[in-house]
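What follows is one structure encoded as structure tokens, with my remarks underneath.
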Amino acid sequence: MSVLKEKELRVIGFLCNWCSYGGADTAGVGRFAQPTDLRIVRVPCSGRINPLFVLKALLGGADGVLVSGCHPRDCHYAEGNFYARRRLEVLKGFLPVLGIDPRRFEYTWVSASEGQRWQHVVTTFTANIHALGPASFSPEARELQILNAAAR
Amino acid sequence: MVMSTDTAKKFVSFEALPDFLAQLAQGACVYAPRRENKAVVYRPWSPGDNVEFAARPTESCKHVIFPRSEELFSFTRGGEGENPDDSSLILQEASEPGPAVIFGALSCDARGFLAFDPVYDGCGTGGKARDVYYLKRRAITTLVVRTCKTPLNTCFCTWVGGGPASSEGADALMTEIGNGLLFEAVSDKGAALLQSLPDASAEQGAEATASREAAQGRFPQPADIKAAPGSLRALFDSAPFWEKQTAQCLYCGACTYLCPTCYCFNITDESNGIRGVRLRSWDNCMSPLFTLETSGHNPRPAKFNRLKNRVGHKFSYYPKIHSGRFSCCGCGRCIKSCPSSVDIRKIVLDAIKEAANV
Amino acid sequence: MAIQDDIKSAIAEVLPGLSCVIGWGAGPEPLRAAPLFMRDAADVEKFTAGFLAVNNPALFLPALKGAKVGLVVKGCDARSVGQLVAENLVKREEVHLIGYPCRGIIDMDKTAAALEGRCEPGEVKGLREEDGDIVLDTPGGEVRLAKTDVAADKCARCRYPNAESADVFVGEKIAPVVERDDYADLAAFENMELDARKAFWEMEMSRCIRCYACRNSCPLCVCRDHCVAASREPHWLTQADGVRDKLFFQLIHATHLAGRCTGCGECERACPVGIPLLTLKRAFSRQVEGLFGYTAGLDQGMPPLLTFKLEEPAIKEREW
Amino acid sequence: MRIGVFICHCGSNIAGTVDCASVASVASTYPDVAYATDIMYACAEPGQDAIIAAIKEHRLTGVVVASCTPRMHEPTFRKTVERAGLNRYMFEMANIREHVSWIGKDMEANTNKASELVRMAVSKLRLNRELKPKSFPVTKRLLVVGGGVAGIQAALDAADAGLEVLMVEKQPTIGGKMAKLDKTFPTVDCSSCILGPRMVDVAQHPNITLYAYSEVESISGYVGNFDVKIRKKAAYVDWSKCTGCGLCTEKCPSKKSYDRFNEGVGPTTAIIIPFPQAIPKKASIEREYCRQFNTGKCGVCAKVCPTGAINYEMQDEFIDAKVGGIVAATGYDLMDWTVYQEYGGGRYPDVVTSLQYERMLSASGPTGGHIKRPSDGEEPKDVVFIQCVGSRDVSIGRPYCSGFCCMYTAKQAILTKDHIPDSHSYVFYMDIRSPGKGYDEFTRRVQEEYQARYIRGRVSMVYPKGKKLIVRGADTLMGTQVEVEADLVVLAVGAEAAKGAPHLAEKLRISYDSYGFFMEGHPKLRPVETNTAGVFLAGACQGLKDIPSSVAQGSAAAAKALALLSRDMLDSDPQIAAVNVNRCVGCRKCIEVCPFKAIQEIDLRGQPKAEVIETVCQGCGLCNATCPQGAIQLSHFTDNQLLAEVEALCRF
């Protein structure tokens, strides 16, 4: 992904269509200025988000991943975000064993009316990721790079 | 591997070994067994690395010549941008492999390539369908094997024509003596590799010979498995026999992927839009996907069908078309590393016994 | 071994009503037993239990659905059965469990380490158990090892040595080794810097040969022949020989096991190249136990990630 | 595949901060992109025509439009590509307005980001498949939740058009807040005279079934076929026998009950008929005040009831109904004004709410239409009205304007003068908001004709002094402190979403804002629809509004519902889950988690497999995220499609 060098980091958002994507729209309509790093993947429901998408993104070099859905009890599909809450919370606690800073992944709830909250979430999360800097997950460990270089 | 030079014996002390390896590493990638946590694997050697001689490698060294996943070529699709109607495909060959040395492999590992060679050299096609990828790597890889001092419980190289000091399929054989290693080239490639080394003394040569003979004595007497090809064919339809033999099998691929003679592969294209690569990667006949057809039909649906094929292939179907040579080098890795303790020796012997009773 | 004979009697008693009883018998070498499928009295005679009873017989259950099967189980094996039953993957009435007090099982890698400098485990010619020790007949003479030194890691944190859910329990129940799992191994692992952990996994996974012994030895893997590892619809993984794909497969397996893994450790034991795969699964288990108080294999009902509560008191959502 | 990419300028909305031509040029290098261009207004007719022309000219098989949010124009462009002969799902949108151009001014970053979003859209589109809807029959029945004026209007309009209507009202009578009003502004006509006949119409309409004293227990199903469970609360009176004669209410010995309908202005009995024009005119027992229930001894009502309708054993009843559409018209409630300690926090009896005051003004109210001080029953001469009690007050989390208080306060000041000609009214206000037809004239009349004294300023304190209440406040126009000695203080208490509104929203699976008001589909273009197909909004539940607006929205909701339910068949959304039976292992995990019970187990040649019930699946994708082997995939949001988007964003 070509982010602007020195300016942006790779931040991927998974947003449910009904609440958070709408919240991001509301923020746009309200012209609430936000950092430009975030790229949003629209999904029907936070329950659609397999934690493996998050891991795929993090292993794929994303510097931060943000998931946002409807507030608990407000799910358009009644229950999707309840499952998401459990799965994503479990995922967050799993990341450290891989050597991934858990702060690189957050999940939250933003409704379609909460444009300002969305602005705040994006701004805060992006700032946190910038504070952490680029993720260092390399496709191959340093030692392996040496090994592979030798094998060429 | 025809011998054209005298079997000059060379010697390297353990002290001088790193220098020798460093010298080899200048012209080639040197793979040597290395201990990594709980496993011993072949890794590119670099100065400072220890070569593991005590424990036998967990894996075979076949991946050096037959990579686990090998890029055959890459492709770029035309038809974008300026000229959207261009439907051409631009192919680019994978980068050429460089020369390699496998140092300190087991002699059974080298014999494993003997099962590969005819298959990849176009046997049965009159030499037409030659596998250039395999043959290229085989040609530029020099294989130095070592004499095994003692057998493991799972070793049965002697059953299939091998032994602890066999140099079949290798370019050079080394034997540990005293404070170093005695080398004997068995091919031109081997001789070229060793030429810079000092000659060994006659005493050292004798010591190595004695050591090899002693090792030979420690290895088990071969079981008689001459009847295996016929027995296995006879049992082809004996489902109950195979079901019983297979009950404990969990049909993973540990046996086939650790096996020095298993040569099956799968081909997949991995493409990301415009660019893609064609990969050849190891395949495993124990997996139900191995024979799964597009229709959903699977001629080997149950694990017993598949284990029967694996054993049958090694001890019956392959020897039938390859002058009686078993597609097994007796390294015993499939037994040693089987999570479920499946023992291919027992299956072959049981099959011979069962067929005799039928 | 009196208990071994008692188990044999227990097997013989129930065998007529079952399609088979799965336990352990002699393996290909002295330090390794093999899963044993007992169908008649002669088979029962081959039964062995004890320090080598390593394989988890629950693995074979889902494939044997439809017929009543007996299993001789360690405490950890019984948990796998319990979880299969909780998820309706196996019918409890189709299983007859014969439990016995398990005092631990051998770990081949630890044994190899203990024998280093003497021989490889594959050179051991014989074994006998004496008190808390095993005595090995090696080419260089007898070697005596304390069982606790070469027992599997899971045995040192065993909370359930007795298969509590067994239909028949042979022998006297013994006390758990520990009262609770403090995940000290994970804590120790996490003493490493984040980057060092990444490098660790990259290095470990680089040895992976994609044989999927880890998956196929997992009693709770439900997908079996339909694993995403080799599918293109969905196409989660490529066939390239890269560390990322190999690690990602482990993340897939661990994610699928989250809240379901009973920690039997068969994945790690089965790995021919010794990748510490249980660590990943235990990281999930620690989370799930902490958040939902669910102990896989003991608790009834669906695993926590297949259900939810309206209020999740243990989940402290972050303020923004 | 041959993809066309159209980068919309949206005038300067996008082009102002995104270099659209450059995005189009980058997009032309993406895989399968056969044509890329920028375009002034993609959604306008020339824009849509240009897309259609390009599809034909370049033989495109898929289209990406980068413009505004898909929540706005995805349906528009889907129709466009359909007109050009493509399947409507061979289309993707990149949101480069709300998510790019409107949230930052950095042209370089915006252009780059827009290109990235287009890359994602192209990556996904490459894996899109043609999807075709299936049609299913519609239940031609409408549920109206709430029997206030908005619900009544919606129900009558729909019923008049021939639709069967179920109305559920949680109070024992319909009529809502309007039934409590004495008069309405700005005409000062009698509220019950205009509402009463409509209530009767509801009761008598052959197409309307009324469930009063009932609540919606649960809702499942989907547009066209909702399954509703209605809880009919136990009234302890068999309404099929009750004639509404009122004998029981006369004889009931428990005369200290809180009078809900009359806002507690006077006490009432434990068995009640809320008011004389109640619909249905049936008695019900308020259990918490009933002696029979509290002491086990009484039974007076049962003894006097001429038809033997009293039944103390009565239980809640459940009614299952199938409806095709739902109108939510649940109205509003007054906020709890007692948080305001400066107004006495509820301690002074002569500080009343505007709705209590309405009941005092009403001839059918507890005071018979005579304004009396609650403390001593005397007629007040100086009446102070305080506006914005709980409206426009950020400090208590209610920054919004309730919208109708200015007008009813003016009305109440006029009525005060009418009732007590020698009275003086004082109105403390912040601003006068009177933008309706005839509204501003009305607020002038109250000041000029009725001599109500309007004081622009907030009241800082109300405290008793003898029999009087001292109202101390600021007159911000004069810049002085004012003190008024009042006999009665009327608070224009702000309104809030009806209690339980979020709870109903959860059942309806619609969104609500942070105050509990239901979210409309679009604030401008879809004001009565919600984002849940088949659920419509009417009245104050969507946002506070006065009677004319509520009635208008009730009619609008009915019109929308009629448009929906006039069709015999509806197209199902094909963006639903589908099972690949070859990969399914029948582990039932999808069945376990599906919130809609839309997956069932089937037997396929002896193997258990999952099967999606297509008309029940709502397309949330929870099953897809749960299935370990990915055998169940959500069409249009498959794993591969999402992975393609993720991979488009990844470094490696």
(message) Being touching a strand residue (DSSP E or B) at 6+ places or on another chain (Cβ under 7 Å) and at the interface with another protein chain (Cβ under 7 Å from one of its Cβ atoms) is the filter here; which residues of the stretch A:1-20 pass it?
(response) A:I12, A:C19
(request) Name every residue in the stretch D:620-633 that is in a loop (DSSP other than H, G, I, E, B) and either surrounded by 24 or more Cβ atoms within 10 Å (Cβ to Cβ) or among the hydroxyl-bearing types (S, T, Y) (or both), in order of residue number. (result) D:C620, D:G621, D:C627, D:G630, D:A631
(message) Here are the criteria: (1) more than 24 Å from C:L64 (Cα to Cα); (2) at the interface with another protein chain (Cβ under 7 Å from one of its Cβ atoms); (3) buried (at least 24 other Cβ atoms within 10 Å of the Cβ). Tell me which single one C:P234 does not satisfy.
(response) (3)
(request) Kindly indicate the residue of the stretch C:248-305 that is within 28 Å of C:C211 (Cα to Cα) and of a type in the set (S, T, N, Q) and also surrounded by the fewest Cβ atoms within 10 Å (Cβ to Cβ) among those meeting that condition. (result) C:T279
(request) Output the number of the condition that C:E193 fails; it satisfies all remaining conditions of (1) farther than 22 Å from C:L298 by Cα; (2) within 14 Å of chain A (Cβ to nearest Cβ); (3) under 17 Å from the mean Cα position of the chain (by Cα). (result) (3)
(request) Identify, by number, the condition in (1) within 8 Å of chain D (Cβ to nearest Cβ); (2) buried (at least 24 other Cβ atoms within 10 Å of the Cβ); (3) within 16 Å of the chain's Cα centre (by Cα) that A:A27 doesn't meet. (result) (3)
(request) Kindly list the number of the only condition in (1) closer than 30 Å to B:K149 by Cα; (2) part of a helix (DSSP H, G or I) that fails for C:L52. (result) (2)
(request) Out of the residues in the stretch B:4-23 that are assigned to a loop (DSSP other than H, G, I, E, B) and within 26 Å of the chain's Cα centre (by Cα), state the one that is modelled with the lowest pLDDT. (result) B:S4
(request) Starting from residues that are within 36 Å of the chain's Cα centre (by Cα) and not in a loop (DSSP other than H, G, I, E, B), keep the ones in the stretch D:269-292 and report whichever is nearest to D:G369 (Cα to Cα). (result) D:I272
(request) Identify, by number, the condition in (1) assigned to a helix (DSSP H, G or I); (2) out of contact with any Asp or Glu (no Cβ under 7 Å at 6 or more places or on another chain); (3) more than 7 Å from every other protein chain (Cβ to nearest Cβ); (4) modelled with pLDDT of 95 or more that A:Y83 doesn't meet. (result) (3)
(request) Find all pairs meeting these conditions: Cβ atoms under 8 angstrom apart; at least six residues apart or on different chains; first residue within the stretch D:499-511 and farther than 22 Å from D:L334 by Cα; second residue in a helix (DSSP H, G or I) and of a type in the set (G, A, S). (result) none
(message) Looking at the stretch D:313-338, I want the residues that are farther than 23 Å from D:D568 by Cβ and assigned to a loop (DSSP other than H, G, I, E, B) and have a partner that is modelled with pLDDT of 95 or more and among the β-branched types (V, I, T) with Cβ atoms under 8 Å, at least 6 apart or on another chain. Which pairs are those?
(response) D:M314/D:V237; D:A329/D:V144; D:A329/D:V145; D:T330/D:V145; D:M335/D:V493
(message) Suppose we filter C:G140, C:G50 for residues that are small (G, A, S) and closer than 22 Å to B:D343 by Cβ; which single one remains?
(response) C:G50
(message) Please list, ordered by residue number, the helices (runs of 4 or more DSSP H) wholly in the stretch D:1-88 having 3 or more residues that are more than 24 Å from D:K132 (Cα to Cα).
(response) D:12-15, D:20-27, D:45-57
(message) If I ask for residues that are polar (S, T, N, Q) and over 11 Å from the mean Cα position of the chain (by Cα), which ones from the stretch D:514-552 would you list?
(response) D:S514, D:N531, D:T532, D:S549, D:S550
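Specify the residue that is farthest from the chain's Cα centre (by Cα); the eligible residues are those in the stretch C:206-231 that are hydrophobic (A, V, I, L, M, F, W, C) and within 7 Å of chain D (Cβ to nearest Cβ).
The initial filter retains those residues of the stretch C:206-231 that are hydrophobic (A, V, I, L, M, F, W, C), namely C:208-209, C:211, C:213-214, C:218, C:220-223, C:227-230.
When the remaining residues are screened for being within 7 Å of chain D (Cβ to nearest Cβ), the result is C:222-223, C:227-228.
Numbers: C:V222: 16, C:C223: 18, C:C227: 20, C:V228: 22 Å.
It comes out as C:V228.
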(request) Could you list, in sequence order, all residues of the stretch D:571-589 that are part of a loop (DSSP other than H, G, I, E, B) and within 12 Å of chain C (Cβ to nearest Cβ)? (result) D:N580, D:V581, D:N582, D:R583, D:C584, D:V585, D:G586, D:C587, D:R588
(request) Taking D:K124 as meeting all but one of (1) under 25 Å from the mean Cα position of the chain (by Cα); (2) crowded, with 21+ Cβ neighbours inside 10 Å, write down the number of the exception. (result) (1)
(message) Of the conditions (1) farther than 18 Å from C:C155 by Cα; (2) surrounded by 23 or more Cβ atoms within 10 Å (Cβ to Cβ); (3) at the interface with another protein chain (Cβ under 9 Å from one of its Cβ atoms), C:R244 satisfies every one except a single condition; which number is it?
(response) (2)
(request) Would you please name the residue that is surrounded by the fewest Cβ atoms within 10 Å (Cβ to Cβ), looking only at residues in the stretch C:141-182 that are of a type in the set (G, A, S) and in contact with a strand residue (DSSP E or B) (Cβ under 8 Å, 6 or more places away or on another chain)? (result) C:A146
(request) Consider D:D238 carefully, then state whether it is of a type in the set (D, E) and touching a Ser or Thr at 6+ places or on another chain (Cβ under 7 Å). (result) no
(request) Go through (1) within 12 Å of another protein chain (Cβ to nearest Cβ); (2) over 29 Å from the mean Cα position of the chain (by Cα); (3) over 21 Å from D:K134 (Cα atoms) and name the single condition D:D603 misses. (result) (1)
(message) Conditions first: (1) surrounded by fewer than 17 Cβ atoms within 10 Å (Cβ to Cβ); (2) touching a residue at least 12 places away in the same chain (Cβ under 8 Å). D:Y289 passes all but one, so which condition is the exception?
(response) (1)
(message) Being within 14 Å of chain D (Cβ to nearest Cβ), polar (S, T, N, Q) and in a loop (DSSP other than H, G, I, E, B) is the filter here; which residues of the stretch B:268-317 pass it?
(response) B:T294, B:S295, B:N298
(request) Take D:Y454 and decide whether it is in contact with a Gly (Cβ under 8 Å, 6 or more places away or on another chain), in a strand (DSSP E or B) and in the same structural domain as D:P349 (by TED's automatic domain parsing). (result) no
(message) Looking at the stretch B:250-267 only, could you name the residues that are in a loop (DSSP other than H, G, I, E, B) and either within 9 Å of another protein chain (Cβ to nearest Cβ) or of a type in the set (G, A, S) (or both)?
(response) B:L250, B:Y251, B:C252, B:G253
(message) Looking only at the stretch D:200-237, how many residues end up being hydrophobic (A, V, I, L, M, F, W, C), in a strand (DSSP E or B) and over 20 Å from the mean Cα position of the chain (by Cα)?
(response) 3
(message) Can you go through B:F113, B:F156 and tell me which one is closer than 24 Å to B:W45 by Cβ and within 16 Å of the chain's Cα centre (by Cα)?
(response) B:F113
(message) Let me confirm something: among A:A57, A:A62, A:A33, which residue is surrounded by fewer than 24 Cβ atoms within 10 Å (Cβ to Cβ), of a type outside the set (D, E, K, R) and facing chain D (nearest Cβ under 8 Å)?
(response) A:A33
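The values are calculated or read from the model by the stated rules, or taken from the named source; none is laboratory data. The model shown is predicted, which means the values in this text are computed figures rather than measured ones. Quick reminder, even Gly has a Cβ in these numbers, built from the backbone with ideal geometry, and neighbours come from all protein chains shown.
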